[in-house]
Amino acid sequence: WRQRRAEQSLAADLKHLTLPITFSLSMTETLCLIALDRSVIELGAGTGLLGIVVTLLGAHVTITDRAAALEFLESNVQANLPPELRPRAVVKELTWGKDLDNFTPGAFDFILGADIVYLEETFAELLQTLEHLCSERTVILLSCRIRYERDLKFLKMLRERFSVSEVHYDSSKDVHIYKAQRGSRRDDF
Ligand SMILES: C[S@@+](CC[C@H](N)C(=O)[O-])C[C@H]1O[C@@H](n2cnc3c(N)ncnc32)[C@H](O)[C@@H]1O
């Protein structure tokens, strides 16, 4: 029932949100069975759709983006979560590679990113952020569309630091979901 309630609530509120549906919902299909009471951080949240859905699925979620995105993000989170679930979602500034001490290493079960691999100049800082946040038990999930050669470069950089596997490919949307973990771990969820 929790999933159905989340889907009904989402359907009612989608009109407030725009393009990110493709990347965020591809990720949600992967997460719907495992989110309950997990500690999650979303990077580059944009509208916040993914973080909102994962909160509706029962996780405790820190929803992050750059400072310039936070006002819109916060208003979306407030407008699309029922009051009883709002304490489960915290909106916080996280610019990749900056002020990482504001985030406790290893505090999260999952690190999520929907369509955040696209700017080559941010790749090093994004990896630094993933390395800071990630403990041995943390699972990173990134939904990506491989648009350019540089996107493959990021995956190569990711593989140099983490064990990476593709856990889902949605051919209708051309969206890949990659899982990354420290060391050689390849746990199922
Ligand atoms: C293509 S949008 C994706 C947004 C959302 N995740 C989605 O699926 O629609 C990329 C997001 O990454 C964020 N971003 C880009 N560079 C960033 C950086 N250096 N630090 C933190 N966030 C960044 C942008 O503000 C934007 O919200």
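Could you give every pair whose Cβ atoms fall below 9 Å, whose first residue belongs to region 79-95 and is touching a residue at least 12 places away in the same chain (Cβ under 8 Å), and whose second residue is in a strand (DSSP E or B) and more than 16 Å from the ligand (Cβ to nearest atom), counting only separations of at least 6 or pairs across chains? Cβ pairs passing all conditions: Arg88/His60; Ala89/His60; Val90/His60.
Among the residues making up region 54-73, those that are among the small types (Gly, Ala, Ser) and within 12 Å of Val91 (Cβ to Cβ) are Ala67, Ala69.
Using the structure shown, decide if Leu126 is within 15 Å of Met27 (Cα to Cα) and either of a type in the set (Phe, Trp, Tyr) or within 12 Å of the ligand (Cβ to nearest atom) (or both). No.
Let's see how each residue does on (1) part of a helix (DSSP H, G or I); (2) in contact with a strand residue (DSSP E or B) (Cβ under 7 Å, 6 or more places away or on another chain); (3) modelled with pLDDT under 95:
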residue	(1), (2), (3)
Gln128	yes, no, no
His132	yes, no, no
His168	no, yes, yes
Lys179	no, yes, no
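Report every pair of residues separated by at least 6 positions or lying on different chains whose Cβ atoms are under 6 Å apart, first residue within region 154-181 and at positive phi, second of a type in the set (Val, Ile, Thr) and surrounded by 15 or more Cβ atoms within 10 Å (Cβ to Cβ). That search, which allows pairs on different chains as well, returns nothing.
Kindly check whether there is at least one residue in region 42-55 that is at pLDDT 95 or above, under 16 Å from the mean Cα position of the chain (by Cα) and more than 24 Å from Glu125 (Cβ to Cβ). Within region 42-55, one or more residues are at pLDDT 95 or above, under 16 Å from the mean Cα position of the chain (by Cα) and more than 24 Å from Glu125 (Cβ to Cβ).
Note on region 22-113: enclosed strands (runs of 3 or more DSSP E) holding 3 or more residues that are within 16 Å of the ligand (Cβ to nearest atom) and under 24 Å from Tyr178 (Cβ atoms) are 39-43, 60-65. Restricting Ile146, Ile116 to those that are in a loop (DSSP other than H, G, I, E, B), in contact (Cβ under 8 Å) with a residue 12 or more places away in the chain and more than 20 Å from Ile63 (Cβ to Cβ) reduces the list to Ile146.
When Asn102 is tested against (1) of a type outside the set (Ser, Thr, Tyr); (2) touching a residue at least 24 places away in the same chain (Cβ under 8 Å); (3) closer than 29 Å to Leu70 by Cβ, just one condition goes unmet, and that condition is (2).
The values are calculated or read from the model by the stated rules, or taken from the named source; none is laboratory data. All values derive from a computational prediction rather than experimental measurement. As a convention, Cβ positions derive from the backbone with ideal geometry for all residues, glycine included, and neighbour counts pool all protein chains shown.
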